[in-house]
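J.: This is the structure, below, for whatever I ask next.
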């Protein structure tokens, strides 16, 4: 698909539900007793694949209407062994969290996915789970899929420290701790998304969070009994990032993004864009399902380069590709520090972003895990390149965003994977005024 220079973007864009919260709602619903009703669920391929996998373990997962789903769980520790492999498609979040959720139940499951997911390292999740007694067989040193996971019998609580800034690793350990005898204490040295902790509490888990230096320690009591509940999923700030940045860089634009999740551990992109001079207003702040939300009013802005500290990475790890596009239209250099986690996403996003910028005439430099983008000003990005997306939805959407304001159109070599997280993307952006060509 090719995106060409757009007229001013105008209107209201209703973003789909948050992917991270949607995934967790289904998984915890499958572990609970009774019925969980979820509204606002993101109905993307990733989330649907997780729902299908959970039915294999014995949970009942059914769609009852647009964005509304019902889950009838088995209770913690009552999942059963599957006869067929679990195909998670492109979903790293779903597969890694489900690994944790089954880790302390003595069953066996085979995890697989599409070519992109089969290239992503699973050792970073399954190796920490070995502390509970898990064993596995994966492909090579990185434990690539297909991966066979053997859950532990009579698991006991653990005390461990996570030095990787990964909410997936932390969440997998918390889910495993649910069926381990005693109180597990999991310390993270860097704060990451806390959706799992908030939702575990909503489902009735005994969980306490205590600050610990630059991070925190989470204490969770095992042999838990979770109770089905109602979950309202806020709208996804990671998906909102694409129309948000598009409105900032397309002259004359003004759009509204209602009911966006404003969890402070997810607002790194907003914080950075505001530092860059973005005109973003937040109206009607309110609370929904324990999470803060608000309506974003976004207007075209003249951006300036900034330095983004490494400590901010966990709160915006999925947004660096589209931030890099915003940086290309800024005046001055933008330096993004500490991007090592980008290398283990759906693609090596650091390399993919750098190459995408270069083929569209933007000067960049990579030093270790740091990325420097030389801003070319609001009218200075040449464009005209074809970006290799590596089956990565965020790379595709980020560079289509670039094409909406660059001098020449920008082409993404594959857009099929956009459906994994944002199936409404093309229609939503077109309604605002974006111009796409097949």
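J.: Can you list the equivalent-ellipsoid semi-axes of region 54-125, largest first and in whole Å, using the square root of 5 times each Cα gyration tensor eigenvalue? If you can, show how the numbers build up before the last one.
T.: On the way: eigenvalues 90, 60, 23 Å².
So the equivalent ellipsoid measures 21, 17, 11 Å along its semi-axes.
J.: Using only the Cα atoms of region 19-221, what do you get for the radius of gyration and for Dmax, in Å?
T.: Final numbers for Rg and Dmax: 15.6, 45 Å.
J.: Work out, step by step, the length gained on full extension between residue 431 and residue 68: first 0.36 nm times the residue separation, then minus their alpha carbon distance; give nm to one decimal.
T.: On the way: separation 363, 0.36 × 363 = 130.68 nm, distance 2.44 nm.
Using 0.36 nm per residue and subtracting the Cα-Cα distance, I get 128.2 nm.
J.: Between residue 127 and residue 7, how many nm apart are label points set 7 Å from Cα along the C-beta direction?
T.: In this crude label model, residue 127 to residue 7 measures out at 5.5 nm.
J.: May I ask you to work out the translational diffusion coefficient for the chain at 25 °C, viscosity 0.890 mPa s, via Stokes-Einstein with Rh from the Kirkwood sum over Cα pairs, reported in whole µm²/s?
T.: Details: Rh = 21.8 Å.
This corresponds to a translational diffusion coefficient of 112 µm²/s.
J.: Give the percent of DSSP beta bridges with both residues in the chain that are antiparallel, rounded to the nearest 5.
T.: Numbers: 59 of 80 bridges.
The answer is about 75 percent antiparallel.
J.: Computed FRET efficiency, Cβ-Cβ of residue 78 and residue 135, R0 22 Å: what is it to the nearest 0.05?
T.: Working: r = 21 Å, r/R0 = 0.95.
Working from the Cβ atoms, E equals 0.60.
J.: What's the extension gain from residue 414 to residue 348 if we count 0.36 nm per residue and subtract their Cα-Cα distance? Mind dumping the intermediate values first?
T.: Numbers: separation 66, 0.36 × 66 = 23.76 nm, distance 1.63 nm.
That works out to 22.1 nm of additional length.
J.: Further question on the same structure: As a test of the formula, what do you get for the chain when each DSSP H run with n ≥ 4 contributes -39,500 (n - 2.57) and the sum is divided by the residue count, at 222 nm and rounded to the nearest 500 deg cm²/dmol? Working shown, then result.
T.: Working: 13 runs with 126 residues, N = 438.
Rounded to the nearest 500, the figure is -8500 deg cm²/dmol.
J.: While we're here: At 0.36 nm per residue, minus the direct Cα-Cα distance, what do residue 369 and residue 52 gain on full extension? Give it in nm, one decimal, please. Before the final figure, lay out the partial values.
T.: Numbers: separation 317, 0.36 × 317 = 114.12 nm, distance 3.63 nm.
The residue 369-residue 52 span can extend by a further 110.5 nm.
FYI, it's all coordinate maths here, none of it is from the lab. Keep in mind that what you see is a predicted model, and the values were worked out from it rather than measured. Heads up, the Cβs are rebuilt from the backbone with ideal geometry, glycines too, and the neighbour counts pull from every protein chain shown.
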